[in-house]
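Remarks on the structure that follows.
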Amino acid sequence: GSVECAAAFAKKEREKMDRKAQRERDRIRRMDIARRREAIKTRSDYIREAQIAFNAWIRWRDRLLPCICCGLPLGDGGVGGGYDCGHYRSVGSAPQHRYNEFNAAAQRKQCNRWGAGRAVDYRLGLIARIGLARVEALEADQEPRKYTADELKALRDEYRRRLRKLRQEAANV
């Protein structure tokens, strides 16, 4: 009896060690794939990733506020959420303000997408939130900004970190 018992125990231990070794090999393989993916990214990829992280943070930051344009509640809107991160000065016309926290606010999709951004209403809402001086400073700033890949990675990581922090704070309330 005890020989069979010892053999069964040894077999179980060996299987456990094999599974552990396989998990480690899988972890190393995933890290290698992630490293290689990162190495072939272009500046455009980093711009997109930083924008996604920034927009997510703005949406979460403003989730309890009304729409910057119309003042209606943002709502959840079902699939994809009911609101966007809208930019006062569009990313196309003023790319230097792409990641400017004063230039972005949560905005109902109806206002942002189908209301062509509702610039006049957005401006009024923005003045109420951040003040006329800051809005005029946004409007006056025409200085181009060219971000390096490293700066974009840092922006992406910073806004991801800030979003995690906001979500943790909300969960602890």
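Of the numbered conditions (1) open to solvent by 70 Å² or more (accessible area, probe 1.4 Å); (2) part of a helix (DSSP H, G or I), Cys111 fails exactly one; give the number of that condition.
(1)
In segment 140-159, which residues are among the acidic types (Asp, Glu) and open to solvent by less than 80 Å² (accessible area, probe 1.4 Å)?
Of everything in segment 140-159, those that are among the acidic types (Asp, Glu) and open to solvent by less than 80 Å² (accessible area, probe 1.4 Å) turn out to be Asp141, Asp157, Glu158.
For segment 133-155, how many residues meet the condition of being within 26 Å of Tyr122 (Cα to Cα) and not in a loop (DSSP other than H, G, I, E, B)?
Residues flagged as within 26 Å of Tyr122 (Cα to Cα) and not in a loop (DSSP other than H, G, I, E, B) within segment 133-155 amount to 9.
State the number of residues belonging to segment 67-96 that are of a type in the set (D, E, K, R) and modelled with pLDDT of 90 or more.
1
Among the listed residues Ala171, Ala128, which satisfies the condition of being open to solvent by less than 100 Å² (accessible area, probe 1.4 Å), more than 20 Å from Glu38 (Cβ to Cβ) and over 23 Å from the mean Cα position of the chain (by Cα)?
Only one candidate passes the filter, namely Ala128.
Return the residues of segment 35-66 that are farther than 11 Å from Ala149 by Cα and in a loop (DSSP other than H, G, I, E, B); say none if nothing qualifies.
Ile40, Asp62, Arg63, Leu64, Leu65
Out of all the residues in segment 67-85, is one or more in contact (Cβ under 8 Å) with a residue 40 or more places away in the chain, touching a strand residue (DSSP E or B) at 6+ places or on another chain (Cβ under 7 Å) and open to solvent by 40 Å² or more (accessible area, probe 1.4 Å)?
Scanning segment 67-85 turns up at least one residue that is in contact (Cβ under 8 Å) with a residue 40 or more places away in the chain, touching a strand residue (DSSP E or B) at 6+ places or on another chain (Cβ under 7 Å) and open to solvent by 40 Å² or more (accessible area, probe 1.4 Å).
The values are calculated or read from the model by the stated rules, or taken from the named source; none is laboratory data. Only a predicted model underlies this, so the values are computations on that prediction, with no experimental measurement involved. FYI the Cβ positions are ideal-geometry reconstructions off the backbone, even for glycines, and counts take in every protein chain you see. Heavy atoms of the whole protein, side chains included, go into the accessibility calculation; ligands, DNA and RNA do not. Shrake-Rupley method; radii C 1.70, N 1.55, O 1.52, S 1.80 Å.
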